[in-house]
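**Student:** Following this message is one structure expressed as structure tokens.
The values are calculated or read from the model by the stated rules, or taken from the named source; none is laboratory data. Quick caveat: nothing in here was measured; it's all calculated off a predicted structure. Cβ sites come from the backbone with ideal geometry, for glycine too, and all protein chains shown count toward neighbours. The protein model used for the area step is the full one, side chains on, heavy atoms only, and it has no ligands, DNA or RNA in it. Shrake-Rupley method; radii C 1.70, N 1.55, O 1.52, S 1.80 Å.
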Amino acid sequence: MTTLTATGGAVHPDRASLPPSPLPGHDPALDPIAAKVRAGERLSLEDGRVLFATPDIWTVCGLADGVRRRLHGDVTYYNINRHLNYSNVCALSCTFCEFYRKRGDEGAYEHSIADVRAEARGAIESGATEMHIVGGLHPYLPFAYYTELVSAIREEAEALGSQLHIKAFTAVEIVHLAKIAKVYKRSDRTAGIRWVLERLKEAGLGSLPGGGAEVFDDRVHDEAFKGKIRSDVWLDVHRVAHELGLNTNATMLYGHIESLDDRLVHMDMLRRAQDEALLRLGYEPAADGAVTLTREGVAQPTPDLAPGGGDRSPRGGDRSPRGGYFQTITPLPFFPDGSELEHLPGPGGLENLRTLAVSRLMLDNFPHVKAFWIMQTLGMAQLMLQSGADDLDGTVVWYDITKVGGSDTHQETTVRDLERAIREAGQRPVERDTLYRRVERDGATWWLAGNNTSRHD
Ligand code: V47
């Protein structure tokens, strides 16, 4: 039997019998969680377990999308950046890592400061607003190499009139630098971390990337990345950076030998650290002690980009962003190829979407959730933009840490492709700088919106 629709068209009988919402497969166990999300209440670890266990993945993604819209409306941010890996020589041999080499191995490299200057010039001339710089734990390069690397990039940027932002060194590298500078004491590790960060900041460091966090669990740590700093030290580095006014990012490497509970505990540890950072910036805690940003009407720490614009900083008045908090979480799916854990399958597409959505829902005090398309493909990133992500990183160009689907180190996309991907996802592309301030540009020349005086020609 064929049913006629209101417009008179013929409809397949199975289509006509589709029931109204809630859709088939709706899991009522999600209803109390949805009510908490709507009220902007913090989700518990038990809520997180339900979000990971439910077969109703689309409701999970829909809830995360709602949170993303509450925070950012239909805006999706992207940036024009360059990644630079200064060396792949590493004292560690993490089983999940395909990037590291030992000195003398085929493919081992280390860039000279002259190379770094040339990279910086290339980045600036092509209009990049950020250089994202990480490398292995090089056993022989002296501490001075790292401060020179940062100041050389700053000098190139100043010479060309650019405000290029230097986002560099994971927490793991910062501790390594404290050790090679011989300022790291186990009895007071934060003193050495602070010493290193102060010198790098002086040289021109703008923020820290989120790498090296992996999964905050000691069992997983000892099996998959023994020798790397543990969660307490990773969090110390980020806390000290926040105290110095530097913004930082966070990541979570999932889909290897960790459990779902390990992922949730990782998220919980990050949001506790962010509570502390936001309290330092003057945010008031809710009755349960949590500082959530996902409640209706709560000010975002970067006022320029608050939905609707205007100054919504908690202290009011000051339009320049105050640093000292986590900006973004980037969930990183494990890629087994070429690593010692090659026998593992790695996470599938639905697991990637779900983990991203759960991250958005649990990390209620992180302003941004990043889709790092390099590790997911641009097509997959579009689905992530509808499941909680509000940020698409970036034009990238060279990326050596993971090479997906047989790609090589040259992994570049254009602004046109990024903007098209965002528009196809039903959202509005906005170019941002590293601190999530709106960027305007004329070709390779760019400036911060509302700040034409910083324009360079
Ligand atoms: O720390 C290493 C991860 C991270 C593999 O802060 C792997 O804006 C998957 O941190 N499979 C580096 N992941 C990348 C990173 C990052 C990327 C984009 C943006 C930001 C940011 C940070 O890559 C490492 C490690 O966790 N990684 N090997 C692998 N086989």
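**Student:** Identify the residue in segment 67-80 that is open to solvent by 20 Å² or more (accessible area, probe 1.4 Å) and part of a loop (DSSP other than H, G, I, E, B) and, among all such residues, is nearest to residue 384 (Cα to Cα). Talk me through it step by step, then tell me what you get.
**Tutor:** In the first step, residues of segment 67-80 are kept if they are open to solvent by 20 Å² or more (accessible area, probe 1.4 Å); the result is 69-70, 73-74.
With part of a loop (DSSP other than H, G, I, E, B) added as a condition, the list becomes 73-74.
On the way: 73: 15, 74: 14 Å.
Filtering segment 67-80 for residues that are open to solvent by 20 Å² or more (accessible area, probe 1.4 Å) and part of a loop (DSSP other than H, G, I, E, B), the one nearest to residue 384 (Cα to Cα) comes out as 74.
**Student:** Further question on the same structure: Starting from segment 430-457, keep only residues that are basic (Lys, Arg), then list their pairs with residues that are at pLDDT below 90 whose Cβ atoms are within a distance under 8 Å, requiring at least 6 positions of separation or different chains.
**Tutor:** Going by the 8 Å Cβ cut-off, the qualifying pairs are 432/305; 437/302; 437/304; 437/305; 437/321; 438/304; 438/305; 438/450.
**Student:** Another question, if that's okay. Answer yes or no: is there a residue in segment 91-102 that is away from the ligand (no atom under 16 Å from the Cβ) and of a type outside the set (S, T, N, Q).
**Tutor:** Checked against the condition, which is being away from the ligand (no atom under 16 Å from the Cβ) and of a type outside the set (S, T, N, Q), segment 91-102 yields at least one hit.
**Student:** Let me ask something else. Quick one: which of 97, 61 is farther than 27 Å from residue 390 by Cβ and within 20 Å of the chain's Cα centre (by Cα)?
**Tutor:** None of the others qualify; the one that does is 97.
**Student:** Restricted to segment 347-365, and to residues that are over 12 Å from the mean Cα position of the chain (by Cα) and polar (S, T, N, Q), which residue is farthest from the ligand (Cβ to nearest atom)?
**Tutor:** Step by step, filter segment 347-365, then rank; the result is 365.
**Student:** Within the group 129, 170, 147, which residue is polar (S, T, N, Q) and more than 16 Å from the ligand (Cβ to nearest atom)?
**Tutor:** Just a single option satisfies the conditions, and that option is 147.
**Student:** Can you name the condition, by its number, that residue 355 falls short on among (1) out of contact with any Lys or Arg (no Cβ under 9 Å at 6 or more places or on another chain); (2) part of a helix (DSSP H, G or I)?
**Tutor:** (1)
Condition check ((1) over 26 Å from residue 335 (Cα atoms); (2) open to solvent by 60 Å² or more (accessible area, probe 1.4 Å); (3) in contact (Cβ under 8 Å) with a residue 60 or more places away in the chain) across all residues:
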position: 82; (1), (2), (3): no, no, yes
position: 90; (1), (2), (3): no, no, no
position: 101; (1), (2), (3): no, yes, no
position: 111; (1), (2), (3): no, no, no
position: 118; (1), (2), (3): yes, no, no
position: 136; (1), (2), (3): no, no, no
position: 144; (1), (2), (3): yes, no, no
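**Student:** Could you list, in sequence order, all residues of segment 366-392 that are assigned to a strand (DSSP E or B) and either away from the ligand (no atom under 13 Å from the Cβ) or surrounded by fewer than 24 Cβ atoms within 10 Å (Cβ to Cβ) (or both)?
**Tutor:** 372
**Student:** Moving on. Could you please let me know if residue 220 is over 17 Å from the mean Cα position of the chain (by Cα) and within 15 Å of the ligand (Cβ to nearest atom)? Full working, then the answer.
**Tutor:** Values: over 17 Å from the mean Cα position of the chain (by Cα): yes; within 15 Å of the ligand (Cβ to nearest atom): yes.
It is true that residue 220 is over 17 Å from the mean Cα position of the chain (by Cα) and within 15 Å of the ligand (Cβ to nearest atom).
**Student:** Can you tell which of 124, 113 is touching a helix residue (DSSP H, G or I) at 6+ places or on another chain (Cβ under 7 Å) and closer than 23 Å to residue 442 by Cβ?
**Tutor:** Matching residue, one of 124, 113: 124.
**Student:** Something else: Do any residues in segment 190-202 that are part of a helix (DSSP H, G or I) and among the hydrophobic types (A, V, I, L, M, F, W, C) have Cβ atoms under 7 Å from those of residues that are at pLDDT below 95 and open to solvent by 80 Å² or more (accessible area, probe 1.4 Å), where the two are at least six apart or on different chains, and which pairs are they?
**Tutor:** Qualifying pairs under 7 Å: 191/185.
**Student:** Quick test for you: out of 235, 279, pick the one residue that is away from the ligand (no atom under 16 Å from the Cβ), of a type in the set (A, V, I, L, M), open to solvent by 10 Å² or more (accessible area, probe 1.4 Å) and part of a helix (DSSP H, G or I).
**Tutor:** 279
**Student:** Only one of these is closer than 22 Å to residue 135 by Cα and away from the ligand (no atom under 12 Å from the Cβ): 204, 211. Name it.
**Tutor:** None of the others qualify; the one that does is 204.
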